[in-house]
Amino acid sequence: MGFLGRTPQRYSKWYNLSMIKVNLLVANANDNFSSNQLDIFNQAVVAVEKFIADNFDLDYEVDVVVVSPSYLLKTIPEDGIGGRTYRSDLIVITVDTESELSEDFFYETLCHELSHSIRWNQVSEHTVTLLDDIVLEGLAIVLEEKAMNDSGRPNVQYFLKQMHAMDEQTANDILANLKNKLNDKEYDYEKTFISGDEDLPRWAGYKLGYWLIKESLANKCTEIASATLDSYKNLKNNLKTPS
Ligand SMILES: [Zn+2]
């Protein structure tokens, strides 16, 4: 029995103290990762915990598993790293063992995935439509961007550079292409979010999400941390999408 019959976590909740814990688990059979890379993972996690604690008032714990690439565990080739959130408390980060990984890139990817993880932990709803998924990714990219800005890390990934290169014309072109599909519950995820095709640019869903969320936060003077915890209904009401 713990203090007054409460577990330590409840005890901290009772006093409204936030507790952020990122458990780093490196899948390192055969010493896939160098000691330098292991140091980078550990240092980035300390910085990430601070960023989350500075921006969210949460009792929150997540497992982060770092793995080397395989057929099912892919990276963004230009960046040598990729991430995926499987549950609110499980993130997998894939890192190329050959690449010169910087702490900045690991920190950036982890902050993106933590946006998904924190949202799923705190908001009791899931994406239903394509537009929900666009909003979900837009929130994550804007939090990723804030994490890099707040910690003074100009060395952003190729992925985020492509988001920064977005302009109104590209946003309107993507919107025009997806206009009749935004409320679809089934759509081609690979084409829309990853590969693109002759009409849709690579990462179109991410790019549009980034653009729409940035625009709506600026219009409403809202912080990304509070938007991360808002409902899809409210978030979508604030977007400038075609009617
Ligand atoms: Zn994402």
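The values are calculated or read from the model by the stated rules, or taken from the named source; none is laboratory data. Bear in mind the structure is a predicted one, so any value in this text is a computation, not a measurement. Virtual Cβ from ideal backbone geometry, glycine too; neighbours counted across all protein chains shown.
Below are the figures for this structure:
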quantity	calculated
Residue check, residue 151 at pLDDT below 95 and more than 15 Å from the chain's Cα centre (by Cα)	no
Matching entry among 63, 59 (being under 30 Å from residue 223 (Cβ atoms) and at pLDDT 95 or above)	63
First in segment 166-178 and over 16 Å from residue 239 (Cα atoms), second anywhere and in a helix (DSSP H, G or I) and hydroxyl-bearing (Ser, Thr, Tyr), Cβ under 7 Å, 6 or more apart	166/210
Every pair of residues 6+ apart whose Cβ atoms lie under 6 Å, when the first sits in segment 189-207 and is surrounded by fewer than 22 Cβ atoms within 10 Å (Cβ to Cβ) while the second is assigned to a loop (DSSP other than H, G, I, E, B) and of a type outside the set (Gly, Ala, Ser)	191/197; 196/202
Those residues of segment 59-88 which are surrounded by fewer than 16 Cβ atoms within 10 Å (Cβ to Cβ) and part of a loop (DSSP other than H, G, I, E, B), in sequence order	71, 72, 74, 77, 78
Test: residue 62 is touching a Ser or Thr at 6+ places or on another chain (Cβ under 6 Å) and closer than 27 Å to residue 121 by Cβ	yes
Near pairs, Cβ below 6 angstrom, 6+ apart or cross-chain, from segment 74-99 (assigned by TED's automatic domain parsing to the domain that holds residue 44 and over 20 Å from residue 63 (Cα atoms)) to any residue that is away from the ligand (no atom under 16 Å from the Cβ) and of a type in the set (Ser, Thr, Tyr)	80/99; 97/68
Residue that is surrounded by 12 or more Cβ atoms within 10 Å (Cβ to Cβ) and out of contact with any helix residue (DSSP H, G or I) (no Cβ under 9 Å at 6 or more places or on another chain), where the choices are 172, 180	172
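For every residue, the table says whether it meets (1) within 15 Å of the ligand (Cβ to nearest atom); (2) not aromatic (Phe, Trp, Tyr).
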site: 36; (1), (2): no, yes
site: 56; (1), (2): no, no
site: 82; (1), (2): yes, yes
site: 86; (1), (2): yes, no
site: 91; (1), (2): yes, yes
site: 113; (1), (2): yes, yes
site: 124; (1), (2): no, yes
